[in-house]
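One structure below.
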Amino acid sequence: MEYYNHYPLQDYTTFGVVAYTRKFYRFDTQKELKQWLEKESDKHPKKLVLGGGSNLLFTGDFDGTVLFPAFKGIELLEDNKDTVLVDISAGENWDDCVAWCVERGLGGIENLSYIPGNAGAAAVQNIGAYGVELADVVDRVEGFLLDSGEVFSMDVNECMYDYRYSIFKGPLQNNVVITNLVLRLSKKPKYLLDYGQVKEAVEKRGPANLKNIRNAIIDIRKSKLPDPNELGNGGSFFKNPIVEKPLFETLKQNYPDAVGYPHAQNRFKVAAGWLIEKAGWKGKCIGNAGVHDKQALVLINKGGATGKEIADLACEIQSDVLEKFGIKLDPEVNIL
């Protein structure tokens, strides 16, 4: 276990903004974390669990204790005729996990390729892309409760998964450290190619298989999304808003090129990137914060931006989209 006072967090978030935490603990094993929870947790009333930092924006210093679970490991737990259970430690890089599964012919998460962040955070956020959500393949999520130090294991139904939501963002927010997630993957996968440019990109590579789908999605994402190592960002900053059918029909009447997809209960999911671009924000900058010129859903740190600058830009976009379209944008990024 490593411990630091007044520790910089700039290298622990993909936005790359300057922020410090009062105390910082890094845990390489679950045993270290368990011992800390038993002996030290009560001394730290304000705690934050930090994963890969790809979905987090600090607008100032964190006056509390950051816990960084760096657990590593991927293993097969169960191998049946058609499916397998894969146990993934929370500190594993998510895209490395996807690559590991694709290399072994295990399908279910290939559409989630090249999403930044760690596996534990993926389970919190219920990451999704190109018609697939993590909840589609989760068997269970395991970890510790911060307030009691007790071990928990929740099956997929207990996790309360919804669009970019889970129990870990709701009732249990800031009260869990996820140690590992168990996914049920398929040895005979059904490919999902009908979202966006995926089918066309796969066909250019040959037959539909896990490797071609993964490589196609990586290329699509690279063409639209900036590398956080080169340009600070958190990926998609806003969730795609879900609206009632009459509002979507009105939107389509006024803007025939409006992008949306049918959702449950007679509602539609509207592309937030389209709303932001149509409102004129694509490529715009305010100070050192800006909107990416290739994907309007991505807010960027041009260099030296503060978290507050980026958050203020997001507020300006929200206000403008609401005024122009009557649709409220909610952040996908957690703003602290």
Seminar exercise, completed: Scoring only Lys, Arg, Asp and Glu (+1, +1, -1, -1) among other residues with Cβ under 15 Å from the Cβ of Asn126 yields -3
Exercise. Over the stretch 226-335, what relative contact order in percent results from Cα pairs under 8 Å that are six or more residues apart?
Worked result: 31
Exercise. Hey, got the dipole for the stretch 226-335? About the Cα centre, +1 on K and R Cβ, -1 on D and E Cβ, debye to the nearest 20?
Worked result: 260
Seminar exercise, completed: Diffing the stretch 274-285: the Karplus 3J(HN,Hα) column from phi (6.51, -1.76, 1.60, θ = phi - 60°), in whole Hz with x for Gly and Pro, holds 5, 4, 5, 5, 5, 7, x, 8, 4, x, 7, 9
Exercise. How big is the gap, in Å, between the Cα center of the stretch 299-319 and the Cα center of the stretch 171-207?
Worked result: 30
Seminar exercise, completed: As straight-line cross-link partners of Lys72, the qualifying aspartates and glutamates (C-alpha separation under 15 Å, not fewer than 8 residues apart within one chain) are Asp28, Glu32, Asp87, Glu92, Asp95, Asp96, Glu142
For this session: Springs between alpha-carbon atoms under 10 Å, Gaussian network over the chain: tell me which of Val182, Val98, Val259 tops the mean-square fluctuations.
Result: Val259
For this session: List the aspartates and glutamates whose Cα lies under 13 Å from the Cα of Lys302, skipping any in the same chain that are fewer than 8 positions away.
Result: Asp227, Glu230, Asp293
Exercise. Around Asp139, which amide H atoms from residues at least 5 apart in sequence, or from another chain, sit under 5 Å from its own amide H, with H modelled in the peptide plane?
Worked result: Val182, Leu183, Arg184
For this session: Give a residue-ordered list of calculated ³J(HN,Hα) values for the stretch 286-297 (Karplus: 6.51 cos²θ - 1.76 cosθ + 1.60, θ = phi - 60°; whole Hz; x for Gly, Pro).
Result: 10, x, 9, 9, x, 9, 4, 7, 10, 8, 5, 7
For this session: Take the alpha carbon gyration tensor of the chain, find the square roots of its eigenvalues, order them as a ≥ b ≥ c, and report rounded if a/c is under 1.5; if not, report prolate when a/b exceeds b/c, else oblate.
Result: oblate
For this session: Before anything else, pin down the relative contact order of the chain: Cα pairs under 8 Å, at least 6 apart, normalised by residue count, whole percent.
Result: 17
For this session: Answer rounded, prolate or oblate for the stretch 74-223, using the Cα gyration tensor with square roots of eigenvalues a ≥ b ≥ c: rounded when a/c is under 1.5, else prolate when a/b is larger than b/c, else oblate.
Result: prolate
For this session: Tally the DSSP beta bridges in the stretch 2-69 and give the antiparallel ones as a percent, rounded to 5.
Result: 40
Exercise. When only DSSP loop residues count, what trypsin sites (Lys or Arg not before Pro) in the stretch 272-336 have their Cβ near at most 12 other Cβ atoms within 10 Å?
Worked result: Lys294, Lys328
For this session: Could you pull out the longest piece of the chain with no exposed loop GluC sites (Glu not before Pro) in it, calling a site exposed if DSSP puts it outside H, G, I, E, B and it has at most 14 other Cβ atoms within 10 Å?
Result: 41-149
For this session: Classify the stretch 190-244 as rounded, prolate or oblate, taking a ≥ b ≥ c as the square roots of the eigenvalues of its Cα gyration tensor: rounded when a/c is under 1.5, otherwise prolate if a/b is larger than b/c and oblate if not.
Result: oblate
For this session: Place a +1 charge on the Cβ of each Lys and Arg in the stretch 177-283 and a -1 charge on the Cβ of each Asp and Glu, then give the dipole magnitude about the Cα centre in debye, rounded to the nearest 20.
Result: 540
Problem set entry | Within the chain: Cβ-based charge dipole about Cα centre, in debye rounded to nearest 20 (Lys, Arg +1; Asp, Glu -1) | 660
Seminar exercise, completed: Exposure-ranked with fewest Cβ neighbours within 10 Å first, Ser223, Ser41, Ser113, Ser186 stand as Ser223, Ser186, Ser41, Ser113
Problem set entry | Of Lys23/Lys239; Lys190/Lys328; Lys245/Lys278; Lys188/Lys294, pairs whose Cα-Cα distance is over 26 Å | Lys23/Lys239; Lys190/Lys328; Lys188/Lys294
For this session: Determine which aspartates and glutamates satisfy two conditions relative to Lys39: a Cα distance under 14 Å, and not lying fewer than 8 residues away in the same chain.
Result: Asp147, Glu150
Seminar exercise, completed: Non-local residues with an amide H under 5 Å from the amide H of Gly52, with H modelled 1.01 Å from N and Pro and chain starts lacking one, are Asn118, Ala121
Exercise. Under the rule of -39500 (n - 2.57) per DSSP H run of 4 or more residues, summed and divided by the residues of the chain, what mean residue ellipticity at 222 nm is obtained, to the nearest 500 deg cm²/dmol?
Worked result: -7500 deg cm²/dmol
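Just so you know, all these numbers are worked out from the coordinates, no wet-lab data involved. All figures in this text were calculated on a predicted structure; none of them were measured in a lab. All Cβ positions, glycine included, derive from the backbone under ideal geometry; neighbour counts span all protein chains shown.
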